[in-house]
Amino acid sequence: MVKSISTYIVYVALLLFFFGYVATPVLQYAEGWQTFYYDCDYLAMMHSSIGILGCTKAFLLQFFAHPWHGTIFMTLLMLIFMIVVNTLLQIFKKKSYITIISAVICIVTAVSLTSWMTNVPSRDLIGLGSEGEKRSVIYMQLSNYIRHQQWNEVIQLCNENSPVTNLLHQNCLNMALAEKCQLGDKLSNEPVKDITSIYINQIQSPEIACLLSDLYFSFGHIAQSQRYAFETNEKMYNLSPRLLQRLIETNLIYGQKEVADKYLLILSKTLYYKDWKPSETLIAEKRKCIFDDNRFSGIKGLDDDLLQVARNTRGTRQCQITLQYLGSLYMLANYDSLFVKMADEFSGSKDLPKPMPKYFQSYYNHLTKK
């Protein structure tokens, strides 16, 4: 009896460790694409598009909107499963080691269930995957941090895995550095290739399109952020809570309250997003980014769009962030004359104080021979 209790205690401890530390990044990432909606129409639509197994997956994933809630829920679920398995085994064979066998079966089941819920191979979850597969898991954690604007955590995780050579990781790191207004000081601290170290330009999957939506939102380029969020959400059956949040934000920035309310109504059918509201301060700040000339996004080039965003947002944190990106893009693209013009226009202001960030100042001195 004592041995069985000890086995259960060890089993619960292993589950808490697995779901709370090992599997949380991938489960939290997967929840951003697919959560559960408590509405008959949506359940019918979900059933027709992703099937009963997809609905089950969404139900389990929803709890990882709050990682500890997900950890506790899955631990309790697997504990009940172990009790059932142990009871069934005891019926057929009364051996002292039956409880241990039950625990092993259920641990394997927990790992396999997580793999099914996240589409991440079991070997990756327990750290036995290839280097490329490990980088994928790191990217999921970085993406989670970006979603919740945990910029310090992004920088710390990249520092722990230095040198950062993967382009997606570089995009995440440089976004965090720009948001902290440190990109101009640290751009070349990690290997950089070209402008793709700032934003990747090959959309190989919906997940990368989502990263671009995050990047453009950080740039202050609201139109492109909305575009990528909308197109990606369509590929996710219009059920991604992460992308619905971004669509709510961008529509409110453009003054499209009725559209935003439509998306808010969808989120109100969920357990964890029913009371979510976007930051009014964020909306007001990003609204200043909108182009006065109502230009078609990108028609004059991304750099010209960002220059306009910087001019529209002078004296705000957004202007400082946008200039971090713009100066870095000019440097990486070797747009020397445009870099000098930008520096002359903004240097010495609150947005680009003198001396400029380390790499900006060095580049400027080189170009002007100062």
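Across region 57-73, not a single residue is classified as open to solvent by less than 20 Å² (accessible area, probe 1.4 Å), touching a residue at least 60 places away in the same chain (Cβ under 8 Å), under 23 Å from residue 121 (Cα atoms) and part of a loop (DSSP other than H, G, I, E, B). Tallying residues that are open to solvent by 20 Å² or more (accessible area, probe 1.4 Å), more than 12 Å from residue 117 (Cβ to Cβ) and in a helix (DSSP H, G or I) within region 19-40 yields 4. With in contact (Cβ under 8 Å) with a residue 40 or more places away in the chain and either surrounded by fewer than 16 Cβ atoms within 10 Å (Cβ to Cβ) or out of contact with any His (no Cβ under 6 Å at 6 or more places or on another chain) (or both) as the only criterion, which of 79, 43, 53, 89 stands out? That would be 79, the only listed residue that is in contact (Cβ under 8 Å) with a residue 40 or more places away in the chain and either surrounded by fewer than 16 Cβ atoms within 10 Å (Cβ to Cβ) or out of contact with any His (no Cβ under 6 Å at 6 or more places or on another chain) (or both). Within region 198-214, residues that are without any contact (Cβ under 8 Å) to a residue 60 or more places away in the chain and more than 19 Å from residue 165 (Cβ to Cβ) reach partners that are open to solvent by 60 Å² or more (accessible area, probe 1.4 Å) and in a loop (DSSP other than H, G, I, E, B) with beta carbons closer than 8 Å, at six or more positions or on different chains, in the pairs 209/203; 212/203. Among the residues making up region 218-238, those that are open to solvent by 10 Å² or more (accessible area, probe 1.4 Å) and either of a type outside the set (Asp, Glu) or at pLDDT 95 or above (or both) are 223, 224, 226, 227, 228, 230, 235, 236, 237, 238. Can you say whether residue 345 is closer than 18 Å to residue 216 by Cα and of a type in the set (D, E, K, R), as far as the supplied structure shows? Spelling it out, it is not the case that residue 345 is closer than 18 Å to residue 216 by Cα and of a type in the set (D, E, K, R). Scanning region 121-158 for residues that are under 18 Å from residue 181 (Cβ atoms) and open to solvent by 40 Å² or more (accessible area, probe 1.4 Å) turns up 145, 149, 150, 152, 153, 156.
The values are calculated or read from the model by the stated rules, or taken from the named source; none is laboratory data. Keep in mind that this is a model prediction, so the values were computed, not measured. Cβ atoms come from the backbone with ideal geometry, glycine included; neighbour counts cover every protein chain shown. Areas reflect the complete protein model, heavy atoms only, side chains present, ligands, DNA and RNA absent. Shrake-Rupley method; radii C 1.70, N 1.55, O 1.52, S 1.80 Å.
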